[in-house]
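*Asks:* Dumping the structure here so I can ask a few things about it.
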């Protein structure tokens, strides 16, 4: 036990004396959450548009006013013809143009008014978002082009205002935990190898499991501190809801951190140098995690082989859990399957690393 | 086995697939002896040391270190040896005192004992002023001396020194050998590998490994006279050149 304490103490000293590690450990999570929270957003505000009003009556002016008052659009070009619209698109001054036909008021009376919406589809996501905004506004003001019949009334559950921060905070927590846990542990262990200290540790009576645990436990504690920070920032600064139980969330985070840490240990048994460990963590872990975890890109719309691969990405399961807890307020009675997969993966990684560590002796 | 032998190797063999790295070497090292373990790179020195320190299982043969069998009592073997490698093994981002306490700590020394030994060691090395400085800031020679003292902090019966003096200036090398001799006089058995053949003269007895076997095993002067040469360089050249 003395030996174990000495080891943990040493490990904390390494971390606390290394400015770079500290920066990665505590600076990066905060930077990431703020970056994702503020910069990456799928909501559009103040998109530049043009309105070609060919009826110029009370009705058409009213519609224009309503649309501009929504806050999503800013009138940025004065156009009198399709040619001018085309020119404004080409110069990048507008993202969307609205064409109100000459007989708008009369058709509206008969309930068959139509509007033309032109968008700059070089940015397809933005284009379709803008169209859906116009649709919604038009529907509300009674200028719906469709004849009355089936009326769809969408309701967005668990994220009523479709705030993208509610999507990104769980994603960022996942990425940050994985990065810090897996990358820093794998680097910390390979550093011992690279500097020749590992030989001394292996010659000493320390058991391999004690060496691994001694390396992992400090990072486990620090990662949990990190998770709390990121969740607190997401909750307080960005208003991410917390519908479920904090305890369930803590247990889930702990499970995922342990999973990521054991993955880091596996990497360190493969990599001989810190450089290799870093590359492996970034290329083999970070990229697939960001791309295939449902964090940014929906798995359901990926080709089948990629969907298959996504099943071995631990983050995919954790994102389901964390969203379930934070946004839907469900517990393990619903999420037990994902939790079980994570636990299984963790055991597998621990098994591999203990085995590999022994073989190296 | 002589009663005072701390290392007894008996037809110790290690094969990796079809390659025999160490081929049935037998030797004894007495308590308090400085035993030079010489040989060209790849002659099998490192493999032999790994087996004797419980890191690698022998394929055949046995080795007893400090009275324990390396094949079956690796745990006790590890407790009774110290090890210092050619690669620098102290932590540059820990202070002198922290390094000593860490290495003593992983050998399970009690806090009181450890504190006393650490202070004693710091005094002996004349490092009182530097005790709380980071090891990374010390000159290389001082680091090597500190590494050696640290390898002895748990008072092992045997110390393996794997090219401890490579890259060290002659004066420090000299001081280093004084420390080694002093430790041997206190009864610690020393097994040292080196590339500096003049250092072989400081050893009580030497062995020269060639292609996994022991080509010579005696006192330095006896080895020289058997081969009819005058210097260690000649011994080394004569023995290693016979191999294809």
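Read-outs: derived from the displayed coordinates by stated rules, not from any lab. As the structure is a prediction and not an experimental result, all values here were calculated from the model. Because the Cβ atoms are built from the backbone with ideal geometry, glycine has one as well, and the counts that use them run over all protein chains shown.
*Asks:* Considering the convex hull of the alpha carbon atoms of the stretch A:47-140, report its projected area averaged over all viewing directions, in nm², one decimal.
*Replies:* Details: hull surface 22.2 nm².
For the stretch A:47-140, the mean projected area of the Cα convex hull comes to 5.5 nm².
*Asks:* Still on this structure, I have one more. When A:49, A:350 are ordered from fewest to most other Cβ atoms inside 10 Å of their Cβ, what list results? Let's see the in-between values first.
*Replies:* Working: A:49 26, A:350 20.
The order, fewest Cβ neighbours first, is A:350, A:49.
*Asks:* Within 10 Å of each residue's Cβ, count the other Cβ atoms and sort A:287, A:28 from fewest upward.
*Replies:* Details: A:287 10, A:28 15.
Fewest-to-most Cβ neighbours within 10 Å comes out as A:287, A:28.
*Asks:* Whole-Å semi-axes of chain A's equivalent ellipsoid, largest first, each the root of 5 times a Cα gyration tensor eigenvalue? Display every interim value, and only then the final one.
*Replies:* Details: eigenvalues 598, 83, 59 Å².
After diagonalising the Cα gyration tensor, the semi-axes are 55, 20, 17 Å.
*Asks:* On to the next question. Counting helices only, and only those DSSP H runs with n ≥ 4, report the 222 nm mean residue ellipticity of chain B as the sum of -39,500 (n - 2.57) divided by its residues, in deg cm²/dmol to the nearest 500.
*Replies:* Values: 9 runs with 89 residues, N = 244.
Mean residue ellipticity, 222 nm, calculated: -10500 deg cm²/dmol.
*Asks:* Now a separate question. Taking chain A as the reference, fit the longest principal axis to its C-alpha atoms, fit the long axis of helix A:208-236 to the helix C-alpha atoms, and give the angle between the two in degrees, 0 to 90, nearest 10.
*Replies:* 30 degrees
*Asks:* Another question, if that's okay. Any idea what the alpha-carbon Rg over 2.2 N^0.38 Å comes to for the stretch A:1-78? List each step's numbers first, then the result.
*Replies:* Values: Rg = 27.9 Å, N = 78, 2.2 N^0.38 = 11.5 Å.
That works out to 2.42 for the stretch A:1-78.
*Asks:* According to the Kirkwood expression over distinct Cα-Cα pairs, how big is the hydrodynamic radius of the stretch A:190-333, in Å? Intermediate results must be reported in sequence, preceding the final value.
*Replies:* Numbers: mean 1/r = 0.0576 Å⁻¹.
Kirkwood radius, the stretch A:190-333: 17.3 Å.
*Asks:* Could you quote the convex hull projected area for the protein assembly as shown, Cα atoms only and averaged over all directions, in nm²? Please report the intermediate quantities before stating the final value.
*Replies:* Working: hull surface 153.7 nm².
Mean orientational projected area (the protein assembly as shown, Cα hull): 38.4 nm².
*Asks:* From the helices alone, meaning DSSP H stretches of at least four residues, give me the mean residue ellipticity at 222 nm for chain A, per-run term -39500 (n - 2.57), in deg cm²/dmol to the nearest 500. Show your work: numbers first, answer last.
*Replies:* Details: 17 runs with 220 residues, N = 361.
Calculated at 222 nm, the ellipticity per residue is -19500 deg cm²/dmol.
*Asks:* If one takes the longest principal axis of the Cα atoms in chain A, at what angle in degrees, from 0 to 90 and to the nearest 10, does the Cα axis of helix A:246-270 lie?
*Replies:* Around 60 degrees separate the two axes.
*Asks:* Compute the distance from the alpha-carbon center of the stretch A:167-189 to that of the stretch A:61-85, in whole Å.
*Replies:* 45 Å
*Asks:* Can you put B:204, B:120 in order, fewest other beta carbons within 10 Å first? Before the final figure, lay out each step's value.
*Replies:* Details: B:204 16, B:120 13.
Going from sparsest to densest Cβ surroundings: B:120, B:204.
*Asks:* If you fit an axis through the alpha-carbon atoms of helix A:314-323 and take the longest principal axis of the Cα set of chain A, what angle between them do you get, 0 to 90°, nearest 10?
*Replies:* That works out to roughly 60 degrees.
*Asks:* Something else now. Given the C-alpha centroids of the stretch A:210-252 and the stretch B:1-68, what is the distance between them in whole angstrom?
*Replies:* With the stretch A:210-252 and the stretch B:1-68 each reduced to a Cα centre, they are spaced 50 Å.
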